[in-house]
Amino acid sequence: MTSEKYDTIIIGSGISGMTAGIILAKEGEHVLIAEQHAHPGGLTQVYQRAGLTFPTGVHRLGALKTGQPLWYYFNYLGLTGRLSMSSLSEEGFESYHFPDGCFSVPQGHGAYKAKLIRTFPSKAAAIENYFTDMAACVSGIALYNPGITGASPLSSRYTRSVDDYFSDLGINGKLKSILFANNPLFGLSSRECPVMTHFIISDAYLNSSFRLNETNAPFAEALGQSFRSLGGTIKTGSKIDRLLTRDRAVTGVRLSSGKKITAQKIIYSGHPSRLLDLCPPKSFRPVFEKRLKNAENTPGLFGVAMKWEKKNCPVADNDAYIYDNRDVNAHYAGGENQMIFLSALPSGEDATHLAVTALATLSDEDRSRLAAGYNIPGKKIYREIKTGLAEKVMTRIEATFPGAGKQVEIVDTYSPDTFERYTLTPGGTAYGIKKTAQAFMQGIFSPATRLKNLFLTGQSIGFSGIHGAISASVNLCTYFYPEGYLMDKIRKEESL
């Protein structure tokens, strides 16, 4: 059998794989993206329930106005003209709900800072310093913002923990709970979270916050259209069970069907721990294998898809976080304290209902019950556990938004086990490998591996979310071209 040949094979068609594919195809490479599932897109895909469209993983995007950080990337990837986006409320794009009150965050650094100072006048100096430090931090990260030229060196003070940083500024109590309430967007407690991670995510959404209208223009389809328009090939139903090697260099892949495909280089966009299953024994040094096996991951989440009456929906133009108390770290302890994140997809003017997703943290006990139930044949017990957890989530939502129970129909549920099966990520991790302040470098993996021609990308290699996954692939692709070449092209694309 004659094998197919490509310049590059990319394993996985999520946002990282698609980004790398588009970049390399724009440079004239013959690129194949291999996807194990029937449809490409990974967690950029959507699904249908009760006549509504729900996202699998993309609930909100930040910094997408012209000239803002993510806009540069979307523009270069050929996405800006293919997507339909709706801005969240300028007055409050996200709201934090505590038992003793609610705080809405306006778009714009200035507006947010002014509101915080009005609310906490005795902490005005600390708040000013917080925003000054945020600006200084992100100005040193060109991969976060391609518009930066001559980025200033990034200070090591931004890799220490948020707890230590807040303590130095005198930020505590209710102010701390508000500033760090967005932690579900990166899956780390303030004790673990590097200041840099918190600043990057906060800065992006303060710049601007959008939702994708996935009914009109699905994100996964836009990525696929852009890649294919450049001559790229996507093969679905193509599960790879082995990387082919010769003389400590990767030469291609073997599909589960037995078919072999060769390439000059392979890019793996999945969770790094899976590499050990794909590569021949002793492909990596023992210390590297140990890092992969022992890497701690951010937690997975329990999801509830809801059909919510549009006229009464409290998250029609903003996202909401519901906390059991002011300790916004409590849900990481594995106990009964819970965080619930609510987000809706845009709908047409004539729509009577919105597709709302609730993402909830799980106690260690509930996580274990779900995992055990999932492995019982027939899945009846697993479905019963999910139903009970969904009712618990709905009770908490009803307590925050009275009357919600009569306005909402639960149409689907999913667990970390669902995501583990679909994405092959340990525990259905939401943001991949942790990069903590206590062991920052241990969570950092180079895009280049010891096996020649094998490269890595994905949010476990970069930072959290869509922005992080894209920048991870951009960082990887800079290895293939002269210094500054790719970032210059990304900046200059704005004039096209």
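For (1) among the charged types (D, E, K, R); (2) modelled with pLDDT under 95; (3) in contact with a strand residue (DSSP E or B) (Cβ under 7 Å, 6 or more places away or on another chain); (4) assigned by TED's automatic domain parsing to the domain that holds Q45, each residue gets a yes or a no:
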position: K174; (1), (2), (3), (4): yes, no, no, no
position: A181; (1), (2), (3), (4): no, no, yes, no
position: L185; (1), (2), (3), (4): no, no, no, no
position: I200; (1), (2), (3), (4): no, no, no, no
position: P218; (1), (2), (3), (4): no, yes, yes, yes
position: G252; (1), (2), (3), (4): no, no, yes, yes
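Specify which of the listed residues (A437, A390, A404, A360) is under 24 Å from G14 (Cα atoms) and either in contact (Cβ under 8 Å) with a residue 40 or more places away in the chain or surrounded by 13 or more Cβ atoms within 10 Å (Cβ to Cβ) (or both).
Details: A437 fails: under 24 Å from G14 (Cα atoms); A390 fails: under 24 Å from G14 (Cα atoms); A404 fails: under 24 Å from G14 (Cα atoms).
Within the list A437, A390, A404, A360, the selection yields A360.
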Review point. Conditions: (1) without any contact (Cβ under 8 Å) to a residue 60 or more places away in the chain; (2) surrounded by 24 or more Cβ atoms within 10 Å (Cβ to Cβ). A63 meets all but one. Number of the miss?
Key: (1)
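Which residue, of P281, P314, P286, is surrounded by fewer than 22 Cβ atoms within 10 Å (Cβ to Cβ) and not assigned by TED's automatic domain parsing to the domain that holds A439?
Details: P281 fails: not assigned by TED's automatic domain parsing to the domain that holds A439; P286 fails: not assigned by TED's automatic domain parsing to the domain that holds A439.
On inspection, the qualifying residue turns out to be P314.
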Exercise for review: Kindly indicate whether any position in region 294-304 is assigned to a loop (DSSP other than H, G, I, E, B) and β-branched (V, I, T).
Suggested key: yes
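Residue-by-condition table, conditions (1) in contact (Cβ under 8 Å) with a residue 12 or more places away in the chain; (2) surrounded by fewer than 24 Cβ atoms within 10 Å (Cβ to Cβ); (3) of a type in the set (V, I, T):
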position	(1), (2), (3)
I433	yes, no, yes
I466	yes, no, yes
A469	yes, no, no
T478	no, yes, yes
P482	no, yes, no
Exercise for review: Go through the residues of region 81-91 one by one and say whether even a single one is at pLDDT 95 or above, buried (at least 19 other Cβ atoms within 10 Å of the Cβ) and either among the charged types (D, E, K, R) or touching a Cys at 6+ places or on another chain (Cβ under 6 Å) (or both).
Suggested key: no
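Would you call F210 closer than 30 Å to S347 by Cα, in contact (Cβ under 8 Å) with a residue 24 or more places away in the chain, crowded, with 23+ Cβ neighbours inside 10 Å and of a type in the set (F, W, Y)?
Working: closer than 30 Å to S347 by Cα: yes; in contact (Cβ under 8 Å) with a residue 24 or more places away in the chain: yes; crowded, with 23+ Cβ neighbours inside 10 Å: no; of a type in the set (F, W, Y): yes.
No, not satisfied.
Identify all residues within region 240-260 that are over 13 Å from I11 (Cβ atoms) and either assigned to a loop (DSSP other than H, G, I, E, B) or not β-branched (V, I, T) (or both); write none if there are none. Full working, then the answer.
Initial filter on region 240-260 (over 13 Å from I11 (Cβ atoms)): 245-249, 251, 257-260.
The answer is R246, D247, R248, A249, S257, G258, K259, K260.
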Check your understanding: Hey, Y112 hits all of (1) among the hydroxyl-bearing types (S, T, Y); (2) loosely packed, with under 14 Cβ neighbours inside 10 Å; (3) modelled with pLDDT of 95 or more but one; which does it fall short on?
Key -> (2)
Revision key, fill the gap. Those residues of region 447-484 which are closer than 16 Å to I22 by Cα and of a type outside the set (A, V, I, L, M, F, W, C) amount to T457, G458, H467, S471, S473, N475, T478, Y479, Y481
Practice item. Could you list, in sequence order, all residues of region 440-464 that are polar (S, T, N, Q) and buried (at least 21 other Cβ atoms within 10 Å of the Cβ)? Key: T457, Q459, S460, S464
Exercise for review: Quick one: I397 ticks every box in (1) assigned by TED's automatic domain parsing to the domain that holds A320; (2) in a helix (DSSP H, G or I); (3) out of contact with any Lys or Arg (no Cβ under 8 Å at 6 or more places or on another chain); (4) surrounded by fewer than 20 Cβ atoms within 10 Å (Cβ to Cβ) except a single one, so which number is it?
Suggested key: (4)
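Kindly establish whether P346 is surrounded by fewer than 20 Cβ atoms within 10 Å (Cβ to Cβ) and more than 18 Å from the chain's Cα centre (by Cα). Talk me through it step by step, then tell me what you get.
Details: surrounded by fewer than 20 Cβ atoms within 10 Å (Cβ to Cβ): no; more than 18 Å from the chain's Cα centre (by Cα): yes.
No; evaluated as a whole, the condition is false for this residue.
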Check your understanding: Which one of the conditions (1) modelled with pLDDT under 95; (2) touching a Leu at 6+ places or on another chain (Cβ under 8 Å); (3) β-branched (V, I, T) does V287 fail to meet, given that it meets all the rest?
Key -> (2)
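Only one of these is in a helix (DSSP H, G or I) and in contact with a helix residue (DSSP H, G or I) (Cβ under 7 Å, 6 or more places away or on another chain): I381, I376. Name it. Let's see the steps before the verdict.
Working: I376 fails: in a helix (DSSP H, G or I).
Residue meeting the stated conditions: I381.
Looking at region 308-333, which of its residues are farther than 20 Å from R60 by Cβ, among the basic types (K, R) and out of contact with any helix residue (DSSP H, G or I) (no Cβ under 6 Å at 6 or more places or on another chain)?
In the first step, residues of region 308-333 are kept if they are farther than 20 Å from R60 by Cβ; the result is 309, 311-312, 324-327, 329-330, 332-333.
Right, trim to among the basic types (K, R) and you get 311, 326.
Within region 308-333, just K311 meets the criteria.
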**Study point:** Any strands (runs of 3 or more DSSP E) falling wholly within region 76-122 and containing at least 3 residues that are under 22 Å from the mean Cα position of the chain (by Cα), closer than 14 Å to A181 by Cα and touching a residue at least 60 places away in the same chain (Cβ under 8 Å)
**Key:** 94-98
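The values are calculated or read from the model by the stated rules, or taken from the named source; none is laboratory data. As the structure is a prediction and not an experimental result, all values here were calculated from the model. Here Cβ is always computed from backbone atoms with ideal geometry, including for glycine, and neighbour counts include all displayed protein chains.
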